[in-house]
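*Asks:* First the structure, then my questions, so here it is.
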Amino acid sequence: MAFLYPVFLFALAATGIPVILHLVQLRRAKRVEFSNVRFIKASQEVTASQRKLKDLLILLCRILFIVFLVLAFAQPFLPGTASGVTAGNDVMVAVDNSYSMQNLHAEKDMSLLTYATDKAKTVFNLFPPASVFSVLDNNSVSTNRYPSAGEAVSALNTVDYSSNRSSNYKSVPNAHLFLFSDFQKNQFTSTSLAKLDTSTQVHLLPLEALSTANIFVDSVYLEDAFVRPGGELVLHVIVQNAGSEDREDVPVKLLVNGDQLAALSINLPAKQATEATINFRTGDRENNLAAITIDDYPVEFDNTYYFVLTPSKGVSIVEISDGKTINLKSLYSKEPLFNYTLYNAGNVNYGRIGEADVVLLNGLETISTALATTITNYIQEGGTVMVLPPASGSLNGYESFFNQAGISARVSVPTGNRSELLPPAANNPFFRGIFADYDKKMQMPSAVRNLSWSRASDDILKYRGGTAFLSRFDRGKGQVYLMAAPLHEDHNALVNHALLLPVMYKVAISGYKQEQELAYTLSSNTIKLPVTQATAGEGIYKLEKDSLSFIPEQQLRGGNLYLNIPPDLNEAGIYNLTLNGVTAGTVAFNYDNRESFLETYTPDELRTIVGSDRKNIHVYDYGDAFSVKNEFEKRYFGVKLWKYCLILCLFFLMAEIALIRFL
């Protein structure tokens with residue numbers, strides 16, 4: 001046993017006062033009047049025995065009253081098992097305020113965040129007033145320290161939801177850190193505590209949610225690669241059911257520019273993503289502000305998915321040909337967004353190649369050194385090239401070009417032997433959206449083979465023998481498509497087959513880079529936005545939404561604007577990109593969907609993750625009452641005995657009064 005204020009023990013000398021009073025009282029003679037001497041002796045024996053016992057009991061009560069009164073002021077306690085582990089006076093309370101904390105508590109009709117802040121306030125009562133308190137959340141960049149518990153409680157009252165992920169918390173040496181969180185399985189790892197000082201006593205307090213059920217809009221994409229002003233679009237919406245129960249007739253709505261354009265109901269199997277298709281027509285506006293909404297409770301932050309439909313610019317296609325194969329101009333002229341340019345092999349504008357989205361080397365008998373170098377650099381910088389071999393036997397420069405491009409390919413003189421092609425794989429992303437009804441027994445063309453290769457990134461079409469007919473190679477930032485046969489009707493029946501148009505369109509579309517995504521996530525570090533000559537200029541770009549305004553780190557490079565998302569931009573929605581007060585574009589931001597999966601670690605699972613070797617990290621069980629309180633006090637402050645001393649002090653005071661009055 002130890003004492004918090006041992007100086008008060010000197011007051012135990014006061015126990016001598018009742019002893020002195022007792023001794024003085026024994027020496028004092030008392031006069032007793034009586035009328036009959038016959039009973040003197042018997043009366044004296046009985047009265048003296050009773051009085052002696054009574055005086056001793058009163059003396060004992062007085063002594064014990066003083067003893068326990070002094071002990072109550074000295075505040076005795078039994079030292080805890082971990083007392084002395086940390087000698088600092090820093091107390092840090094961290095509250096996970098991510099959007100998953102919108103979920104309801106298992107036992108209380110309140111959100112996990114409300115419950116966490118309420119229980120976090122009780123931590124301050126565990127420590128003496130001289131402690132220094134800190135309040136942390138997912139937005140905390142530095143530690144905010146408060147000299148009093150009242151100021152720390154006020155800071156907890158201002159904690160609100162944030163899209164930022166749980167911080168890698170830092171602490172000062174010899175401190176206590178209390179972390180209140182739901183500990184999501186796809187967010188929390190043991191590395192989150194890696195930066196904590198080993199002398200810091202870390203207390204993990206998991207919160208039990210009522211349910212892990214949640215549905216949310218995972219993503220959207222357009223079936224057509226192009227957004228045509230006023231044109232009809234097919235939007236694919238992916239809705240995820242993260243819960244363990246099926247959901248039926250979930251309403252899904254499409255809003256464009258504030259107007260509801262479509263609505264449908266879908267069934268969502270448990271633990272699966274379901275894709276829905278919406279057909280709609282946009283207006284002629286430069287930017288169409290759109291959103292997909294669903295209804296779900298209690299986690300509502302992911303009920304809306306924002307995106308922007310920006311009209312597509314044209315796709316620049318450059319064909320370099322000797323004119324001995326089919327003319328692709330008529331094929332690409334059917335799509336207004338294709339900007340087609342044809343160059344003869346002897347009259348190539350090399351500067352135009354760098355500006356193109358797709359370059360077609362169609363039936364060239366000779367690839368010059370200058371052309372090979374230009375095309376190779378173009379591929380490395382992100383360009384798309386399709387190589388169609390010549391129908392003649394002249395193959396000058398191909399080997400050098402393939403070596404520069406890093407492709408293991410060999411060109412040979414075409415022969416008259418044709419092989420039939422296999423039907424395309426139904427699950428190949430290259431053919432997505434081409435076949436309304438896929439028929440694996442579809443009639444396929446045949447072709448010769450005078451270009452062969454190995455180790456392609458993707459074999460799109462194959463001969464029946466399994467050899468590749470059309471493949472894609474990823475090289476540098478770009479890609480190269482190789483076709484095994486020339487586009488000549490004597491060597492390749494694909495020229496007259498219905499599959500030619502979608503294949504050539506898909507190659508052109510794969511080279512088209514939509515400069516602005518439909519939407520971005522708030523967790524993105526850097527985004528790239530197109531900047532036209534009209535909007536580029538001196539000044540600072542801002543992201544603005546209603547009364548919110550942010551100035552991100554920015555850089556103009558190559559006709560594109562690169563923005564670093566500010567840490568305090570944590571509200572989903574559609575933001576205007578402004579320059580000098582003028583709107584230069586529109587950007588949609590959504591929350592990271594990892595936050596929408598609500599499965600959490602149990603206390604036992606957390607103990608397994610933390611491991612038994614990290615003695616300074618303590619995991620507490622679920623509990624409505626702050627179950628950590630008693631256990632924490634016993635472990636770090638020991639068992640306080642002053643209350644028991646005070647009770648005994650009052651007991652002996654009452655005993656003394658009873659002895660004097662009734663005996």
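*Asks:* Suppose the filter is surrounded by fewer than 18 Cβ atoms within 10 Å (Cβ to Cβ), of a type outside the set (Asp, Glu) and farther than 29 Å from Val299 by Cα; does Ser148 pass it? Walk me through how you get there before you give the answer.
*Replies:* Details: surrounded by fewer than 18 Cβ atoms within 10 Å (Cβ to Cβ): yes; of a type outside the set (Asp, Glu): yes; farther than 29 Å from Val299 by Cα: yes.
Judged against the criteria, Ser148 is a match.
*Asks:* What's the number of the condition Val67 fails, among (1) open to solvent by less than 60 Å² (accessible area, probe 1.4 Å); (2) within 26 Å of Phe662 (Cβ to Cβ); (3) at pLDDT below 85?
*Replies:* (3)
*Asks:* Under the condition of being aromatic (Phe, Trp, Tyr) and within 25 Å of the chain's Cα centre (by Cα), which residue from segment 260-301 is farthest from Asp592 (Cα to Cα)?
*Replies:* From segment 260-301, those aromatic (Phe, Trp, Tyr) are 280, 297, 301; that's our starting set.
With the extra rule that they be within 25 Å of the chain's Cα centre (by Cα), the set shrinks to 297, 301.
Numbers: Tyr297: 18, Phe301: 11 Å.
Step by step, filter segment 260-301, then rank; the result is Tyr297.
*Asks:* For segment 638-661, name all the residues that are modelled with pLDDT under 80 and surrounded by fewer than 18 Cβ atoms within 10 Å (Cβ to Cβ).
*Replies:* Val639, Lys640
*Asks:* Looking only at segment 359-371, which residues are surrounded by 19 or more Cβ atoms within 10 Å (Cβ to Cβ) and farther than 17 Å from Ile326 by Cβ?
*Replies:* Val359, Ile367, Leu371, listed by residue number.
*Asks:* Can you tell me which residue is most open to solvent (accessible area, probe 1.4 Å) among those in segment 473-482 that are in contact (Cβ under 8 Å) with a residue 24 or more places away in the chain and in a strand (DSSP E or B)?
*Replies:* Filtering segment 473-482 for residues that are in contact (Cβ under 8 Å) with a residue 24 or more places away in the chain and in a strand (DSSP E or B), the one most open to solvent (accessible area, probe 1.4 Å) comes out as Arg475.
*Asks:* While we're here: Across segment 106-135, what is the number of residues that are in contact (Cβ under 8 Å) with a residue 60 or more places away in the chain and part of a loop (DSSP other than H, G, I, E, B)?
*Replies:* 3
*Asks:* Another one. Looking at Ala456, Ala426, Ala485, can you tell me which residue is out of contact with any helix residue (DSSP H, G or I) (no Cβ under 9 Å at 6 or more places or on another chain), among the small types (Gly, Ala, Ser), assigned to a loop (DSSP other than H, G, I, E, B) and surrounded by 19 or more Cβ atoms within 10 Å (Cβ to Cβ)?
*Replies:* None of the other options fit; the residue is Ala456.
*Asks:* Mind listing whichever residues of segment 500-533 are closer than 30 Å to Ser219 by Cα and of a type in the set (A, V, I, L, M)?
*Replies:* Leu501, Val503, Met504, Val507, Ala508, Ile509, Leu518, Ala519, Leu522, Ile527, Leu529, Val531, listed by residue number.
*Asks:* Now for a different question. Taking the options Asn417, Asn403, Asn377, name whichever one is open to solvent by 30 Å² or more (accessible area, probe 1.4 Å) and either closer than 28 Å to Tyr505 by Cβ or hydroxyl-bearing (Ser, Thr, Tyr) (or both).
*Replies:* Going through Asn417, Asn403, Asn377 in turn, the sole match is Asn377.
*Asks:* Might you let me know whether segment 28-47 holds any residue that is farther than 17 Å from Val67 by Cβ, open to solvent by 80 Å² or more (accessible area, probe 1.4 Å), at pLDDT 65 or above and in a helix (DSSP H, G or I)?
*Replies:* No, the conditions are met nowhere in segment 28-47.
*Asks:* Yes or no: Tyr169 among the aromatic types (Phe, Trp, Tyr) and open to solvent by 30 Å² or more (accessible area, probe 1.4 Å)?
*Replies:* Numbers: among the aromatic types (Phe, Trp, Tyr): yes; open to solvent by 30 Å² or more (accessible area, probe 1.4 Å): no.
Judged against the criteria, Tyr169 is not a match.
*Asks:* Criterion first (at pLDDT 90 or above, over 23 Å from Asn593 (Cα atoms) and open to solvent by 70 Å² or more (accessible area, probe 1.4 Å)) does Leu233 satisfy it?
*Replies:* Against the criterion (at pLDDT 90 or above, over 23 Å from Asn593 (Cα atoms) and open to solvent by 70 Å² or more (accessible area, probe 1.4 Å)), Leu233 does not qualify.
*Asks:* Give the number of residues within segment 181-224 that are open to solvent by 40 Å² or more (accessible area, probe 1.4 Å) and either part of a loop (DSSP other than H, G, I, E, B) or on the phi > 0 side of the Ramachandran plot (or both). Step through it out loud before you land on a result.
*Replies:* Taking segment 181-224 as the starting set, the residues that turn out to be open to solvent by 40 Å² or more (accessible area, probe 1.4 Å) are 185-186, 189-191, 194-195, 197-198, 208, 210-213, 218, 221, 223-224.
Okay, now just the ones that are also either part of a loop (DSSP other than H, G, I, E, B) or on the phi > 0 side of the Ramachandran plot (or both), so 185-186, 189, 194-195, 197-198, 208, 210-213, 223-224.
Summing the residues that are open to solvent by 40 Å² or more (accessible area, probe 1.4 Å) and either part of a loop (DSSP other than H, G, I, E, B) or on the phi > 0 side of the Ramachandran plot (or both) in segment 181-224 gives 14.
*Asks:* Look through segment 326-355, keep the residues that are surrounded by 15 or more Cβ atoms within 10 Å (Cβ to Cβ) and farther than 26 Å from Ala225 by Cβ, and return whichever of them is farthest from the chain's Cα centre (by Cα).
*Replies:* Among those that are surrounded by 15 or more Cβ atoms within 10 Å (Cβ to Cβ) and farther than 26 Å from Ala225 by Cβ, it is Ala345.
*Asks:* Would you be able to tell me the number of residues in segment 327-370 that are at pLDDT 90 or above and acidic (Asp, Glu)?
*Replies:* Qualifying residue count, segment 327-370: 1.
*Asks:* Same structure, new question: Within segment 225-242, count every residue that is part of a loop (DSSP other than H, G, I, E, B) and in contact with a Leu (Cβ under 8 Å, 6 or more places away or on another chain).
*Replies:* Residues in segment 225-242 being part of a loop (DSSP other than H, G, I, E, B) and in contact with a Leu (Cβ under 8 Å, 6 or more places away or on another chain): 4 in total.
*Asks:* Let me ask something else. Checking the condition part of a loop (DSSP other than H, G, I, E, B) and either open to solvent by 30 Å² or more (accessible area, probe 1.4 Å) or modelled with pLDDT of 90 or more (or both), which residue from Asn138, Asn164 passes?
*Replies:* Just one listed residue meets the conditions, Asn164.
*Asks:* Would it be correct to say that Asp322 is closer than 18 Å to Thr376 by Cβ, in contact with a Gly (Cβ under 7 Å, 6 or more places away or on another chain) and touching a residue at least 24 places away in the same chain (Cβ under 8 Å)?
*Replies:* Values: closer than 18 Å to Thr376 by Cβ: no; in contact with a Gly (Cβ under 7 Å, 6 or more places away or on another chain): yes; touching a residue at least 24 places away in the same chain (Cβ under 8 Å): yes.
Spelling it out, it is not the case that Asp322 is closer than 18 Å to Thr376 by Cβ, in contact with a Gly (Cβ under 7 Å, 6 or more places away or on another chain) and touching a residue at least 24 places away in the same chain (Cβ under 8 Å).
*Asks:* Are any of the residues in segment 142-153 in contact with a helix residue (DSSP H, G or I) (Cβ under 8 Å, 6 or more places away or on another chain) and either among the charged types (D, E, K, R) or in contact (Cβ under 8 Å) with a residue 60 or more places away in the chain (or both)?
*Replies:* Checked against the condition, which is being in contact with a helix residue (DSSP H, G or I) (Cβ under 8 Å, 6 or more places away or on another chain) and either among the charged types (D, E, K, R) or in contact (Cβ under 8 Å) with a residue 60 or more places away in the chain (or both), segment 142-153 yields no hits at all.
The values are calculated or read from the model by the stated rules, or taken from the named source; none is laboratory data. Note that this is a predicted model, so its numbers are computed, not measured. Cβ: placed from backbone, ideal geometry, glycine included. Neighbour counts: every protein chain shown. Accessible surface areas use protein heavy atoms only, side chains included; no ligands, DNA or RNA. Shrake-Rupley method; radii C 1.70, N 1.55, O 1.52, S 1.80 Å.
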